[in-house]
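Student: Quick one: structure below, then a few questions.
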Amino acid sequence: MARIRCDFFSEALGMGTSMTVLLPERTSTQIGMAGAAPAGDPPVLYLLHGLTDDDTIWTRRTAIERYVAPLGLAVVMPQAGRSFYADEAHGNRYWTFLSEELPQVCRSFFRLSERREDTFVAGLSMGGYGAVKWALRRPDRFAAAASLSGALNVAHRRDHPTRPVDPAVWHTVWGDRDVPDGDDDTVALLGRAGADLPALYVACGTEDFLHEDNVRFVEAARARDVPVTVDFSPGDHDWAYWDDKIRDVLAWLPLPGAGPTGAEAPPAGSARH
């Protein structure tokens, strides 16, 4: 695959920013790894980072490049700071950057499919929240969305007794509001969800401090008859877990030729709802 660290100017942010991009390359003589590429524009996965990370973290902490090489899948990993992928109350317009500008910029720089059935989003922790929020607010854009250890009940995190969101981060992102408004609350977004949603996948380790929040999100989805594939197997909030689970996500994605759900069954230790 081609790995590109792309520095560019963002009109939405009013400043330079970065993204790391993996582009499929067909190879047959590369030792230890085969690469695939579709005949036309490749499908794309937007892969979002967590609160303390940046756009390089997935390539530094996991073998994502090796995992996607045989799939013919492009991966776009944008930089979003500590924004919770929101238009910040006292900061910058990261939601506008992510949801509007980034796809346009990527397609202007690279050959990427524009079709909904070829477009996916996933992320970990803050990025899992961002992925689900993007999919629920723009369901026409995505065929599937996956959250790994996502902060999926973020309104519950402001005054959490043991693991609250840093007050400085909360103030920057949401100001003085007690909870995010409906457009930034993934549980509230479920209540407004239409019938034609992307396929949803939620994974969180049973030892993760966000496990309870993920359970609440799944229960809310179930109460609203929103289908979601769930994996609540053993694991903590760490890269060993995410490196393992991103492979399950890739197997589940409805990539061309992979069947209607990308995998015949959810991963071991999981349940489909």
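The values are calculated or read from the model by the stated rules, or taken from the named source; none is laboratory data. Note that the structure is predicted; figures quoted are calculated from it, not measured. Don't worry about glycine lacking a Cβ; one is built from the backbone with ideal geometry, like all the others, and counts go over all protein chains shown.
Student: Go over the candidates Leu98, Leu102 one by one and state the one that is closer than 23 Å to Asp7 by Cβ, at pLDDT 95 or above and in contact with a helix residue (DSSP H, G or I) (Cβ under 9 Å, 6 or more places away or on another chain). It would help to see each step written out before you state the result.
Tutor: On the way: Leu102 fails: in contact with a helix residue (DSSP H, G or I) (Cβ under 9 Å, 6 or more places away or on another chain).
Being closer than 23 Å to Asp7 by Cβ, at pLDDT 95 or above and in contact with a helix residue (DSSP H, G or I) (Cβ under 9 Å, 6 or more places away or on another chain) holds for just one of Leu98, Leu102, which is Leu98.
Student: Of everything in the range 65-82, what is within 14 Å of the chain's Cα centre (by Cα) and either more than 20 Å from Ser113 (Cα to Cα) or among the acidic types (Asp, Glu) (or both)? Give them in sequence order.
Tutor: Matches in the range 65-82: Gln79, Ala80.
Conditions (1) under 15 Å from Trp170 (Cα atoms); (2) part of a loop (DSSP other than H, G, I, E, B), marked per residue:
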| residue | (1), (2) |
| --- | --- |
| Asp41 | no, yes |
| Asp53 | no, yes |
| Pro70 | no, no |
| Phe84 | yes, yes |
| Gly91 | yes, yes |
| Trp95 | no, no |
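Student: Another one. What number of residues within the range 50-80 satisfy the criterion of being within 16 Å of Gly123 (Cβ to Cβ), of a type outside the set (A, V, I, L, M) and out of contact with any Leu (no Cβ under 7 Å at 6 or more places or on another chain)?
Tutor: Number satisfying all stated conditions: 10.
Student: Since Asp159 meets every condition but one in (1) part of a loop (DSSP other than H, G, I, E, B); (2) farther than 25 Å from Val202 by Cβ; (3) without any contact (Cβ under 8 Å) to a residue 40 or more places away in the chain; (4) not polar (S, T, N, Q), which condition does it not meet?
Tutor: Condition not satisfied by Asp159: (2).
Student: In addition: Return the residues of the range 195-217 that are farther than 14 Å from Ala145 by Cβ and surrounded by fewer than 20 Cβ atoms within 10 Å (Cβ to Cβ); say none if nothing qualifies.
Tutor: Answer for the range 195-217, where residues must be farther than 14 Å from Ala145 by Cβ and surrounded by fewer than 20 Cβ atoms within 10 Å (Cβ to Cβ): Ala195, Thr206, Glu207, Phe209, His211, Glu212, Val215, Arg216.
Student: Report the residue count in the range 18-39 for those that are over 25 Å from Val132 (Cα atoms), assigned to a strand (DSSP E or B) and among the β-branched types (Val, Ile, Thr).
Tutor: Qualifying residue count for the region: 1.
Student: Please go through the range 147-195 and pick out each residue that is in contact with a Pro (Cβ under 8 Å, 6 or more places away or on another chain) and of a type in the set (S, T, N, Q).
Tutor: If the condition is that a residue be in contact with a Pro (Cβ under 8 Å, 6 or more places away or on another chain) and of a type in the set (S, T, N, Q), then no residue fits.
Student: So if I check each of Val230, Val154, which one is buried (at least 19 other Cβ atoms within 10 Å of the Cβ), of a type in the set (A, V, I, L, M, F, W, C), in contact with a strand residue (DSSP E or B) (Cβ under 8 Å, 6 or more places away or on another chain) and closer than 25 Å to Asp244 by Cβ?
Tutor: Values: Val154 fails: in contact with a strand residue (DSSP E or B) (Cβ under 8 Å, 6 or more places away or on another chain).
Exactly one residue qualifies, and that residue is Val230.
Student: Something else now. For the range 72-82, which positions are closer than 25 Å to Ala155 by Cβ and assigned to a loop (DSSP other than H, G, I, E, B)? Before you say what the answer is, go through the steps one by one.
Tutor: Just the residues of the range 72-82 that are closer than 25 Å to Ala155 by Cβ, to begin with: 78, 80-82.
Within the range 72-82, Ala80, Gly81, Arg82 meet the criteria.
Student: Return the pair list, or none, for Cβ contacts closer than 9 Å from residues in the range 176-192 that are farther than 16 Å from Met126 by Cβ and modelled with pLDDT under 85 to residues that are β-branched (Val, Ile, Thr) and part of a helix (DSSP H, G or I), at least 6 apart or on different chains.
Tutor: Listed pairs, sorted by first residue: Val179/Val154.
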